[in-house]
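Have a look at the structure below, then the notes.
The values are calculated or read from the model by the stated rules, or taken from the named source; none is laboratory data. Quick caveat: nothing in here was measured; it's all calculated off a predicted structure. Positions of Cβ are generated from backbone atoms using ideal geometry, with glycine treated the same way; all protein chains shown enter the neighbour counts.
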Amino acid sequence: MPDVVVIGGGPAGLSATLNLARALVDVALVDASRPRNSATLRSHGFLTRDGIRPTELRSLAKAELAVYENVEHVERRAVTSVRKEGDGFLVEIAGRAPGEQCTVSAGAVLLTTGLTETLPALPSIRSYYGMSVFSCVACDAWDLRGKPLALIGETPDLARRAVHLARWTTELTVFTNAAGVVTADEETALSALGIRVERGLIADLEGERGAVSSVLLHDGRSIPIEGGFVRPQWTVATSFIDDIHPQQSADGFLITDDGGRTSIPGLYAAGDVAAPGPQQMIIAAGNGARTAAAIVDDLQGVTAFAPRPLAGRP
């Protein structure tokens, strides 16, 4: 029986597992092996690994975890249910054959399942996604700096994202795809910054071999671009914990304290599943490490001792 089951094999889950293992915690890492960034050719902003393929980073992390005998890495298996049992949890894991499953007991569960994303419904968007059209501005805007860009989305935060993206280009067009998500006041403010708003319905993206070259509108117009960003619809990947009902935000993110503790004792969350904001691998990895430290403290009973001020500190 592991002390902790970590669900999700992205940067947060891998980082948490490594730190738990080094703290002599028995860990089962359950990884469905369907990462959201699988379409990304290069990932940026991770110190010493700038430009690395996300799949390579995962391979390096898995090789490091293989050294630790107290880690069981369950790959290509999805968790179907997490239930409370006494002071711990029962985690049901799907088998490789239809209908098969196994049940694992654990004292604590860490959710690092991240988000699922739905891209705007454009016929060819997958042909460019991860190559010349991206979702993470902080990760990929530097490589498109100075080029005419598109920002495509159907969510109310589109104008705010446009202002952020305008740091890297002076030729930005915001495409709402006929959704009423940019107000008249926002359009006026964006126009003052040199950002154009196009409210027409998008027919498709055009380009060759992964390099986008224009946005084709249903009215026949074609807007030239050399790259772009989309704002997907994100959904927290936690459907398997519906019976536990931890506290969540209006957007569905799990609400945690600074140590990743949810409202359910023994249930923790780290990475994108609990952290709306910049979705960078280095942030998720750091969040996983911090949550692992909190789990170790809780397992040891450290948090039962009230903190005392250190000499020289207020």
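What do you reckon, is Ser81 of a type in the set (Ser, Thr, Tyr), within 30 Å of Ala203 (Cβ to Cβ) and touching a residue at least 24 places away in the same chain (Cβ under 8 Å)? No, not satisfied. Considering only residues that are assigned to a helix (DSSP H, G or I) and crowded, with 24+ Cβ neighbours inside 10 Å, look in the stretch 1-22 and name the one that is farthest from the chain's Cα centre (by Cα). Filtering first and then ranking leaves Leu20. With respect to the conditions (1) assigned to a loop (DSSP other than H, G, I, E, B); (2) under 15 Å from the mean Cα position of the chain (by Cα), Gly288 lacks only one, and its number is (1).
In this structure, Arg209 does not qualify as within 21 Å of Asp251 (Cβ to Cβ), without any contact (Cβ under 8 Å) to a residue 12 or more places away in the chain and not hydrophobic (A, V, I, L, M, F, W, C). Selection of strands (runs of 3 or more DSSP E) fully inside the stretch 73-131 by the criterion of at least 1 residues being touching an Asp or Glu at 6+ places or on another chain (Cβ under 6 Å) returns 79-85, 101-106, 115-118.
Within the stretch 258-272, residues that are on the phi > 0 side of the Ramachandran plot and in the same structural domain as Gly13 (by TED's automatic domain parsing) reach partners that are crowded, with 21+ Cβ neighbours inside 10 Å and in a loop (DSSP other than H, G, I, E, B) with beta carbons closer than 7 Å, at six or more positions or on different chains, in the pairs Gly260/Ala270; Gly260/Ala274; Gly271/Gly10; Gly271/Thr112; Gly271/Gly114. Number of residues in the stretch 131-162 that are closer than 18 Å to Gln233 by Cβ and touching a Ser or Thr at 6+ places or on another chain (Cβ under 6 Å): the value is 1.
For (1) farther than 26 Å from Gln300 by Cα; (2) out of contact with any helix residue (DSSP H, G or I) (no Cβ under 6 Å at 6 or more places or on another chain), each residue gets a yes or a no:
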position: Val5; (1), (2): no, yes
position: Pro11; (1), (2): no, no
position: Ala32; (1), (2): yes, yes
position: Arg42; (1), (2): yes, yes
position: Ala63; (1), (2): yes, yes
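Checked against the criteria, Leu57 counts as touching a Pro at 6+ places or on another chain (Cβ under 8 Å), in the same structural domain as Gly10 (by TED's automatic domain parsing) and among the aliphatic types (A, V, I, L, M).
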